[in-house]
Amino acid sequence: MTDIISVPARRLPAPAEPRASAAGVARGAAAADAELITCVELLFFAYRDFTGEADAVLAEFGLGRAHHRVLHFVNRNPGLKVHDLLDILKITKQSLARVLKLLVDQGWIRQIAGNEDRRQRLLHTTENGAGLAGRLDALQAKRISNALAAAGPGNEAAMLRFLFAMIVPEERAFVEALLPRPIEVALPPAG
């Protein structure tokens, strides 16, 4: 399935008057939470545009978002074990195997046997893989930088707190350990 990268903006027609049905009740509940639904929709649109430029670059090489995620985390964590990558991405071995095979076959990632356990596969980006990962990171970092600048000074900490709070509490320490710098956020502990 091909993702649509850009479509001219258009206004959608106003929704029809809700009927007294289960769907109408759901819409009524949604209307009561209009601010939250606005946030949900903004996240959908932000994600679409955050990934759009990277998708276009990836498509040049016959790659998609799953390849991007693997390339990103392998590039950021040289020598990453396949098992650890599965934990990061929360995907099945079968799904990772398909994606990883293509990245290895095309020369973006190389697998090296572990020193202590030769059955263990340690993942590294090749020079080309690191270059592509850097190109994609630069595109997405620029989008974030521009959005933060548009949001006004002092909003980076609030954005980091918001994104970190969106992660399930049980995963926060794991995620934070992967980040280039700690998140200084006072969130309630997992419970």
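Just a few scattered comments:
- Within the range 58-140, the GluC sites (Glu not before Pro) that combine a DSSP coil assignment with at most 12 other C-beta atoms in a 10 angstrom radius are GLU60, GLU116.
- Since only PRO153, ASN128, VAL168 are under comparison, the one whose Cα sits farthest along the positive direction of the charge dipole of the range 97-191, derived from C-beta charges on Lys, Arg, Asp and Glu, is ASN128.
- For ILE144, the shell of other residues with beta-carbons less than 13 Å away shows a net charge of -2, using +1 for Lys and Arg and -1 for Asp and Glu.
- Accessible surface calculations at 1.4 Å, restricted to protein heavy atoms, place the range 105-175 at 66 Å² per residue.
- For the range 25-172: Kirkwood Rh in Å [reciprocal of mean 1/r, alpha carbons]: 17.7 Å
- nm² value of the averaged projected area, convex hull over the Cα atoms of the range 100-141: 3.6 nm²
- In loop segments of the range 104-140 as defined by DSSP, the trypsin sites (Lys or Arg not before Pro) with at most 11 further C-beta atoms inside 10 Å of their C-beta are ARG118, ARG119.
- Amide H contacts of THR126 (H built 1.01 Å from N, under 5 Å, at least 5 apart or other chain): ILE109, ARG110
- Chymotrypsin sites (Phe, Trp or Tyr not before Pro) within the range 27-130, DSSP loop, no more than 16 other Cβ atoms inside 10 Å: PHE61
- In the range 96-164, the portion of solvent-accessible area held by carbon and sulfur atoms comes to 54 percent [1.4 Å probe, whole percent, DNA, RNA and ligands not counted].
- Stretch gain in nm, segment ILE112-ILE144, where the contour uses 0.36 nm per residue and the Cα spacing is subtracted: 8.1 nm
The values are calculated or read from the model by the stated rules, or taken from the named source; none is laboratory data. As the structure is a prediction and not an experimental result, all values here were calculated from the model. Backbone-built Cβ (ideal geometry, glycine too); neighbour counts: all protein chains shown. With ligands, DNA and RNA removed, areas are computed over all heavy atoms of the protein, side chains included. Shrake-Rupley method; radii C 1.70, N 1.55, O 1.52, S 1.80 Å.
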